[in-house]
Amino acid sequence: MRRLTNQEFADILQFGLQELDGPNVLPRHEVVPPAEVTGNPGMAEASAPFESAPLAGFRPEVLMSRKFRDQSFARQVKAAYGGRCAISGLELRNGGGRPEVEAAHIRPVAHNGPDIVRNGLALSGTLHWMFDRGLISVASDYRILVSHNKVDGETIKRLIAPEQKLFLPENKKDYPHPEYLRFHRETVFGQVA
């Protein structure tokens, strides 16, 4: 066995895409409908010619590496917040009874944020997206901070609880760590869009 060159692969592909002949081949040109159908407008349309789709040339494959994420992180964060979004206060459940919140890292994994509950917030999908992009953050006193030059007032009213304060876990040991919150405010908040 040997590896094919790009040219050999392209030749094989081109050979496989040659037009075929015979009774089992799909028609590649317009089929004229029978006379009885053409007399009744709206009942049939002339078929469009079948053309092969253009193919892109060789597309290289990329092998990627990303940091490992502990699957229990999401379960633990959701449990700590009781399945409730820490910013909106909503507790939505799907048909199976599972909470529809996501576990967001406060200090991102890309910045060596650990998979521990104190580095997590249970957030709805939209608020998770906003948090990750620095549109919202959390102050040291747990007030919700909003990048007002990027998020309009109507969106704030719809997505953030009126008190604009974080809904915290029942157990104080699960509260967000102040250092992770500081990191998010200083490194992520207002920086990404």
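Among Gly82, Leu123, Leu166, flag the residue with its Cα farthest along the positive direction of the charge dipole of the range 71-188, charges on Cβ as +1 for Lys/Arg and -1 for Asp/Glu.
Toward the positive end, the furthest listed residue is Gly82.
Cα atoms only, the range 71-188: Rg and Dmax in Å?
Values for the range 71-188 (Cα only, Rg and Dmax): 13.2, 39 Å.
Do any GluC sites (Glu not before Pro) in the range 73-130 lie in a loop, going by DSSP, with at most 14 other beta-carbon atoms within 10 Å of their beta carbon, and if so which?
Working: sites: Glu91, Glu100, Glu102; in loops: Glu91, Glu100.
In loop regions of the range 73-130 (DSSP not H, G, I, E or B), the sparsely surrounded GluC sites (Glu not before Pro) are Glu100.
Taking the Cβ-Cβ separation of Lys173 and Ser140 as r and a Förster radius of 22 Å, what is the calculated FRET efficiency to the nearest 0.05? Mind showing how you got there, number by number?
On the way: r = 18 Å, r/R0 = 0.82.
My answer for the efficiency is 0.75.
For the range 71-188, what does the relative contact order come out to in percent, with C-alpha contacts under 8 Å and a separation of six or more? Present the calculation step by step, with values, prior to reporting the outcome.
Working: 182 pairs, mean separation 36.3, N = 118.
Relative CO of the range 71-188 lands at 31 percent.
For the residues Met1, Met130, what sequence is obtained by ranking on other C-beta atoms within 10 Å, fewest first? Present the calculation step by step, with values, prior to reporting the outcome.
On the way: Met1 2, Met130 23.
Ordered from fewest to most neighbouring Cβ atoms within 10 Å, Met1, Met130 come out as Met1, Met130.
Could you name the lysines in cross-link range of Lys78, using Cα to Cα under 26 Å and dropping any fewer than eight places away on the same chain?
Lys67, Lys157, Lys165, Lys172, Lys173
None of the figures in this text is laboratory data; all of them are computed from the coordinates on show. A quick note: this is a predicted structure, and the numbers were derived from the prediction, not measured. Quick reminder, even Gly has a Cβ in these numbers, built from the backbone with ideal geometry, and neighbours come from all protein chains shown.
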